[in-house]
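Take a look at the structure below.
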Amino acid sequence: MAVGELSNYVTLSAVLFFLGVAGVILRRNPLVMLMGVELMLNASNLALVAFSRAWGSMVGHIFAFLVITVAAAEAAIGLAIIVVVFHRSARVDVDDVTILKG
Amino acid sequence: MLHHAVGISAHYPLLLATWLLPLAGALLLWSTGPRIQAKGAVLGTTVLGAAFVTALLSIPDALRAADGYVGAQQPLVTWLPGMSLGLLLDPLSLLWTLVITGVGFLIHVYSIGYLAGDRAIARFFAYLNFFVFAMLTLVLSDNFLGLLVGWGLVGLASYFLIGFWFEKPSAVAASRKAFVINVAGDVGIMLAIFILFAQLGTLSYGGVFAHVAQLSPSTLLAVCLFLFVGCAAKSAQVPLHTWLPDAMEGPTPVSALIHAATMVTAGVYLIARCHPLWDASPDARAFVGVVGAITALVGAILGLGQWDIKRILAYSTMSQIGYMIMGVGVGAYQAGVLHFFAHAFFKAQLFLGAGIIIHALGDEQDIRRMGGLARKMPFALLAMLTGTLAICGIFPFSGFFSKDAILYGVLEHGHPYLYFIGVLTAAITAYYMFRMLFVVFAGQARTPASVGEHAGHAHHAPAWLMQLPVALLIVPTIGIGWLAIGGEQSPWARFFEPIFGASLQPLARLGMSEATSSLVVTSVVLLGIATAFFVYATPQALRNAPERLQREGQRMPGMLTHAFYFDDALDGLFVQPTRALGRFCAATVERDVLDGGVHDITVGARWLGHFFRSFQTGFVRAYALVLALGVAAFAAYYVLVGVTR
């Protein structure tokens, strides 16, 4: 894989990552925020796999699998939290969920 | 070769019994006292009588000598290497043991009468027995450590007994003062012990005295002076004497036993016991001799200004101990110890005689309100007169021999100035003692209270309980000095030959013989008595005695009424600075530094909590933003600085 090709992958990964970041920071719907988080995770997966192929190492692939596993767990817990929040109030806006305010 | 202060090591059940019987008595009385009360007095007295008997039976052990070893040494325990604790009964400690248990027994008997009806009489006898145990620990110990233990315990017993009537604030204050000053002395002895152990690695008398030569002169002087701090506090030497007059707040038998006959002479015992140290240190001898002489003189002068019969006797005690310390201090050990022996009897007798008067007058102690007691209380007159003649040093009473021995010994050891002070003190002593005697016994009664029908003592004990001990004390008061007749061949000198035989010898034979010295002393004493007679006992002096005494009280110089301002000086030098330090600690260190410091820590913790709490907005998106910024910062770092390995 040529260097130019790798930089395309990395650029795409960066774009996806910042889209995810923007989704988490700017949106107030917890479901969309969770999707943003997933986007960030997968952007990093893309970068890992791209670097792994470029340098002929399997470490990046393995790490990507690990990230997928963690992402699954994260989605499960995140969704569970969202369900609990739904139970507390009908409106779903993360800015209203501030009971951990110090 | 003579082994200093090492006895023949063996088991001595009699010695152990002498030592432990009073402790057993004290423990028994403490545990059962409230239930047995008056029977406790008899119990405590019986126990002490038994201790006296075992002490008498121990005399052969104490006098046994073999291969240079003298007396009985009973090993007890080895606490640490070099610190073996045990008992030592040699002629020196035997003398003290006999006085402590013998005079102690008589005073116990007297106390049954004196304290009859006191609701805490069992507690009193528990304290008395405890004191005897503590004092025996002090004199029977064969090492400095045991001595220090006894030294501290007698101070504690003294504290208990001075403050026995704890409802009296003055008694409580006096007991506290005595304890504090005595603890200052304990610290001195402790420091001496530290030096000795660091230098020699042992604390047994035998071990230390055998290696005195290893100590440098300055170290030896330091040891002697630290030991003397203890002596000065315990034996009421200037300037640590101020507790002794105040200690008269205790019951009169206590004054007789502890603050006249035994405890206050512990300093004399210590110096006599440690005579190898003093033999080797001329500077220490000079210093202690001078302090003793000053104490003798100061005590006698202060005795002039007192109206309380017990305080007069207290100052005379201080003055007489000054003589003893001067004697043993300059190296005339036998003379100093002889004066202790004589003083134990005549001063106990004086106090007990005064106690009879005080008791009969319903706790009246002011001699201005006595007067004319000669006819009403002939027995008290006999007791006080013989005691006074003995303390003044009139032939053939015991004080004559002992005081002369000290004064001539001081001269022989090369201290003519101290001799002069001693003779002057003898004259003043004669004056103030006969002043007391004339004011109390001569002329007309000056008190409305009639003798013998006093109020306040519900229970009357038979009079013989208080008179018999005094009568028994009169015998040694008169006769004890005769033991010293015959110079170096006297029974007294031969008794102490094993202890002091190898000690310091007089500098040189003097031009003045001992007989001349005795004549000088007797003349000035008679002069003092004559002066007292002309001031207090002539017919016209007696006719308007109340006015004259009142005028004397008003004209008394401030130096006398304030006891040379020693109390004020000690107050200014030690008490007030200590209080100021205490106030400073309470007000500044305690409040600002300790409390304030703790408070500041809590304020800091709270502020820190507030600070970090402000980060916890609760807005999930804000957390996400910080997270993203953190990641951006990491990324920026690696882009700008690069990855380095």
Filter the stretch B:393-405 down to residues that are of a type outside the set (S, T, N, Q) and within 22 Å of the chain's Cα centre (by Cα), then give me how many there are. 2
Looking at the stretch B:375-387, is at least one residue touching a Leu at 6+ places or on another chain (Cβ under 6 Å) and closer than 14 Å to B:A344 by Cα? yes
Can you list the helices (runs of 4 or more DSSP H) found entirely within the stretch B:547-610 that contain at least 2 residues being out of contact with any Pro (no Cβ under 9 Å at 6 or more places or on another chain) and among the polar types (S, T, N, Q)? B:576-584
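Let's see how each residue does on (1) touching a residue at least 24 places away in the same chain (Cβ under 8 Å); (2) open to solvent by 40 Å² or more (accessible area, probe 1.4 Å); (3) more than 10 Å from every other protein chain (Cβ to nearest Cβ); (4) under 12 Å from B:V620 (Cβ atoms):
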site	(1), (2), (3), (4)
A:G20	no, no, no, no
A:L34	yes, no, yes, yes
A:N45	no, no, yes, no
A:T69	no, yes, yes, no
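If we keep just the residues of the stretch B:513-523 that are of a type in the set (A, V, I, L, M) and closer than 11 Å to B:I394 by Cα, which is most open to solvent (accessible area, probe 1.4 Å)? Spell out the reasoning first.
First, pick out the residues of the stretch B:513-523 that are of a type in the set (A, V, I, L, M): B:515, B:519-521.
Within this subset, residues satisfying the condition of being closer than 11 Å to B:I394 by Cα are B:519, B:521.
On the way: B:L519: 121, B:V521: 3 Å².
Here the answer is B:L519.
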Based on what the data block shows, is B:Y637 over 60 Å from the mean Cα position of the chain (by Cα) and either in contact (Cβ under 8 Å) with a residue 40 or more places away in the chain or open to solvent by 100 Å² or more (accessible area, probe 1.4 Å) (or both)? yes
Could you grab the pairs with beta carbons closer than 6 Å, sequence gap of 6+ or different chains, first residue in the stretch A:85-101 and more than 7 Å from chain B (Cβ to nearest Cβ), second one part of a loop (DSSP other than H, G, I, E, B) and surrounded by 11 or more Cβ atoms within 10 Å (Cβ to Cβ)? A:V85/A:V97; A:D93/A:R28
Test for A:V24: is it crowded, with 17+ Cβ neighbours inside 10 Å and within 14 Å of chain B (Cβ to nearest Cβ): yes
So how many residues does the stretch B:306-331 have that are more than 15 Å from B:A256 (Cα to Cα) and open to solvent by less than 10 Å² (accessible area, probe 1.4 Å)? 11
State whether one or more residues within the stretch B:422-441 are hydrophobic (A, V, I, L, M, F, W, C), touching a strand residue (DSSP E or B) at 6+ places or on another chain (Cβ under 8 Å), surrounded by 21 or more Cβ atoms within 10 Å (Cβ to Cβ) and assigned by TED's automatic domain parsing to the domain that holds B:V109. no
Spot the failing condition for A:L41; the list is (1) more than 21 Å from B:L625 (Cβ to Cβ); (2) open to solvent by less than 60 Å² (accessible area, probe 1.4 Å); (3) within 14 Å of chain B (Cβ to nearest Cβ), and only one is missed. (1)
Unique match (being open to solvent by less than 10 Å² (accessible area, probe 1.4 Å) and either assigned to a helix (DSSP H, G or I) or touching a Leu at 6+ places or on another chain (Cβ under 8 Å) (or both)) among B:A233, B:A198: B:A233
Check whether at least one residue in the stretch B:16-30 is at pLDDT below 85, open to solvent by less than 50 Å² (accessible area, probe 1.4 Å) and among the hydrophobic types (A, V, I, L, M, F, W, C), and report yes or no. no
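For (1) within 14 Å of another protein chain (Cβ to nearest Cβ); (2) in contact (Cβ under 8 Å) with a residue 40 or more places away in the chain; (3) surrounded by 12 or more Cβ atoms within 10 Å (Cβ to Cβ), each residue gets a yes or a no:
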| position | (1), (2), (3) |
| --- | --- |
| B:D571 | no, no, yes |
| B:F574 | no, no, yes |
| B:V589 | no, no, yes |
| B:L594 | no, no, yes |
| B:H599 | no, no, yes |
| B:G604 | no, no, no |
| B:L608 | yes, no, no |
| B:F612 | yes, no, no |
| B:F615 | yes, no, no |
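The values are calculated or read from the model by the stated rules, or taken from the named source; none is laboratory data. All figures in this text were calculated on a predicted structure; none of them were measured in a lab. Positions of Cβ are backbone-derived with ideal geometry, glycine not excepted, and every protein chain shown enters the neighbour counts. With ligands, DNA and RNA removed, areas are computed over all heavy atoms of the protein, side chains included. Shrake-Rupley method; radii C 1.70, N 1.55, O 1.52, S 1.80 Å.
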